[in-house]
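The values are calculated or read from the model by the stated rules, or taken from the named source; none is laboratory data. Quick caveat, the model's predicted, so the values are computed rather than measured. For neighbour counting, all protein chains shown are included, and Cβ atoms are generated from backbone atoms with ideal geometry for every residue, glycine included. When the accessible area is computed, the model is the full protein with side chains, heavy atoms only, and any ligands, DNA or RNA have been set aside. Shrake-Rupley method; radii C 1.70, N 1.55, O 1.52, S 1.80 Å.
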Amino acid sequence: MSNKQSFKVCFCFKRIFRLKVAEPPEEIKNLFNQYAENGTITIDNLQNFLIEFQGEPNATKEDAQAIFNSLRHLNIFQRKGLHLDAFFRYLLGDLNPPFYSKVHHDMNAPLAHYFLFTGHNSYLTGNQLSSDSSVHPIINALLQGVRVIELDLWPNSKKNGVEVRHGGTLTSPVELIKCLRAIKDNAFIASEYPVVITFEDHLPSNLQAKVAKMVIETFGDTLYSPRSEFIMEFPSPDSLKRRILISTKPPEYHESQRPRESGATDNKQDNELDDQDDQDDQDDQDEDEENAIPEYKQLIAIHAGKPKGGLDIWHIDPIKVRRLSLSEQELENATRTRGSDIVRFTQRNLLRVYPKGTRLDSSNYDPMLGWTHGAQMVAFNMQGYGKHLWIMNGMFRANGGCGYVKKPDFLLALGPNNEAFDPNEPLPVKTNLKVKVYMGEGWHSDFHHTHFDLYSPPDFFVRVGIAGVPNDTKMMETSPIEDQWVPVWNKEFIFPLSVPELAVLRVEVKEYDTSGKHDFGGQTCLPIPELRTGIRAVPLHNRRGQRYKSVRLLMGFDFDYAE
């Protein structure tokens, strides 16, 4: 190797590991000086900072003390107060998140008044055509806070049992009982609010009897069954804590097959079903056929289906509520002419939207169209990743991540002439969101040092934007900062918002490449109605939505409401 080549390799090697220690940007230094006394910020000073600058009017001295206590392990901490570096570490730390982490929405309204974190084909591990069916995607979804799990029910190959699979495809099956047990064991770890299981039912009535028995024996008293076949209004999430609800299209049955007077109404049918075993005896099969439909029907808490008698699909029945399902394409077609009718329908009834059949790769669609029309169950393939799933995760980080987000009032109200909100009507700007990207850190810890570039530190830039109604949706970006593991941008953006209640802030870090194929450096989406003003630490996630250990941005947020 020539001397010139040796020099080049050594020079570049040093550049790779050159790590500049994160220093407070100038604006943070000025802010510190504004609240400091004799070079330190006391507990009283910090409480004032939280109230005045961070927009936390209820901040107490105990809150300030908790921040002090979290910094005691740092060498830069002093008992008399916080020095600049300790104040800076607090701003970049976990005690300074960009949104609140507790349930705080009113949870006593009917289910129809909420968006529900909803999965589609929840049992698939990959694509819609040939991937395996498994309990693991169900478990993962529940642990992420998903509250609606979809299972497709089919007879097994011997026609004597029930399996879950994507019909008409090469996907492998998984036994229904395994799926039910996985739901029981994991339903309420991430959230105590109700889990809805939607059955896509392709079973004869004798197997429906087996499903009824399985469901009752698996869930017991956690299963919620209404005391009447039809209800005028759905119960509230608060009244359904730690309960399981079944939603499917009710089977037809003859008058002679009347439901038993007791049973599913109080979830104590086990004794009554003991005689329905797995024998292939013809008499038992006949008995299964006779009892299956009423007992299965009594399990259904949320009835699915379209109205009968040639009624319009958006028909609102004054004496009962139901769930309607549409593909993303069907919804898109309907919204062109029936926008306000859809909103009125979803004020009492549930609307489920699911990916169109051509999404064989398990990709997803823009959820905003469904949300702006009040659709509670915008069903997503949770096993993939991408922009739309990131937006979905951002929406359901709201309300403590419990899987239920209260719909904004304008989707629930009726005007003086009984008219509902029309999503097709443009609205004036309600507020301007100011977003400032100060700096970022953590890539040097969470990524290999040659991950972005073999010969030099990375050149990061940040894309910031809004996912919302069409007039609000836009993306902007900073300039790349060259050769820095700890980049400082100090760039402010202003986003006019006409419907901030449904908007999600998108943040994505890229590493600049002259080819245009920029490397991924992290992402997050934040619910704009719950953004905390002031300067906040924003943790970033990988493509699959898993949070990085160290990578985060320091960002500022403020709202300028129109008069």
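Below are the figures for this structure:
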{"quantity": "Selection within region 232-248 - small (Gly, Ala, Ser) and in contact with a strand residue (DSSP E or B) (Cβ under 7 Å, 6 or more places away or on another chain)", "calculated": "Ser247"}
{"quantity": "Members of region 122-148 found to be part of a loop (DSSP other than H, G, I, E, B) and under 16 Å from the mean Cα position of the chain (by Cα), listed by number", "calculated": "Ser122, Gln144, Gly145, Val146, Arg147"}
{"quantity": "Among the candidates Met382, Met368, residue that is in contact with a Pro (Cβ under 7 Å, 6 or more places away or on another chain) and aliphatic (A, V, I, L, M)", "calculated": "Met382"}
{"quantity": "Breaking point among (1) among the hydrophobic types (A, V, I, L, M, F, W, C); (2) closer than 19 Å to Arg532 by Cα; (3) outside any helix (DSSP H, G or I), for Met107", "calculated": "(2)"}
{"quantity": "Failed criterion for Met475 (all others in (1) closer than 22 Å to Arg544 by Cα; (2) in contact with a helix residue (DSSP H, G or I) (Cβ under 8 Å, 6 or more places away or on another chain); (3) at pLDDT 95 or above hold)", "calculated": "(2)"}
{"quantity": "Members of region 158-181 found to be under 18 Å from Arg242 (Cα atoms) and open to solvent by less than 10 Å² (accessible area, probe 1.4 Å), listed by number", "calculated": "Cys179, Leu180"}
{"quantity": "Region 19-76, residues that are over 17 Å from Gly556 (Cα atoms) and among the basic types (Lys, Arg)", "calculated": "Lys20, Lys61, Arg72"}
{"quantity": "Tally of residues being buried (at least 17 other Cβ atoms within 10 Å of the Cβ) and within 21 Å of Ala398 (Cβ to Cβ) across region 55-102", "calculated": "3"}
{"quantity": "Residue match in region 197-204 (condition: closer than 30 Å to Met107 by Cα, at pLDDT 95 or above, assigned to a helix (DSSP H, G or I) and open to solvent by 10 Å² or more (accessible area, probe 1.4 Å))", "calculated": "no"}
{"quantity": "Within region 33-97, helices (runs of 4 or more DSSP H) holding 2 or more residues that are over 18 Å from Glu441 (Cβ atoms)", "calculated": "43-52, 61-70"}
{"quantity": "Counted residues, region 154-196 - those being part of a loop (DSSP other than H, G, I, E, B) and aromatic (Phe, Trp, Tyr)", "calculated": "2"}
{"quantity": "Candidate set: region 422-436, residues that are modelled with pLDDT of 95 or more and touching a helix residue (DSSP H, G or I) at 6+ places or on another chain (Cβ under 7 Å); chosen: the one most open to solvent (accessible area, probe 1.4 Å)", "calculated": "Lys430"}
{"quantity": "Identity of the residue in region 303-324, in contact (Cβ under 8 Å) with a residue 40 or more places away in the chain and part of a strand (DSSP E or B), that ends up nearest to His373 (Cα to Cα)", "calculated": "Arg323"}
{"quantity": "Boolean, Gly126 is open to solvent by 10 Å² or more (accessible area, probe 1.4 Å), touching a His at 6+ places or on another chain (Cβ under 7 Å) and not hydrophobic (A, V, I, L, M, F, W, C)", "calculated": "no"}
{"quantity": "Any chance Leu151 is out of contact with any Asp or Glu (no Cβ under 8 Å at 6 or more places or on another chain), within 18 Å of Met377 (Cα to Cα), without any contact (Cβ under 8 Å) to a residue 60 or more places away in the chain and not in a loop (DSSP other than H, G, I, E, B)", "calculated": "no"}
{"quantity": "Criterion (under 30 Å from Gln546 (Cα atoms) and either charged (D, E, K, R) or open to solvent by 40 Å² or more (accessible area, probe 1.4 Å) (or both)) met by exactly one of Thr358, Thr337", "calculated": "Thr358"}
{"quantity": "Candidate set: region 340-355, residues that are hydroxyl-bearing (Ser, Thr, Tyr) and under 16 Å from Trp314 (Cα atoms); chosen: the one least open to solvent (accessible area, probe 1.4 Å)", "calculated": "Thr346"}
{"quantity": "Residue match in region 437-453 (condition: in contact with a strand residue (DSSP E or B) (Cβ under 8 Å, 6 or more places away or on another chain), aliphatic (A, V, I, L, M), within 30 Å of Leu350 (Cβ to Cβ) and open to solvent by less than 40 Å² (accessible area, probe 1.4 Å))", "calculated": "no"}
{"quantity": "Leading residue by the ranking (surrounded by the most Cβ atoms within 10 Å (Cβ to Cβ)) among those in region 513-563 that are of a type in the set (Phe, Trp, Tyr) and modelled with pLDDT of 95 or more", "calculated": "Phe557"}
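Okay, residues lined up against (1) without any contact (Cβ under 8 Å) to a residue 40 or more places away in the chain; (2) in a loop (DSSP other than H, G, I, E, B); (3) surrounded by fewer than 22 Cβ atoms within 10 Å (Cβ to Cβ):
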residue	(1), (2), (3)
Ala375	no, yes, no
Ala379	no, no, no
Tyr385	no, yes, yes
Val405	no, no, no
Phe410	no, no, yes
Asn418	yes, yes, yes
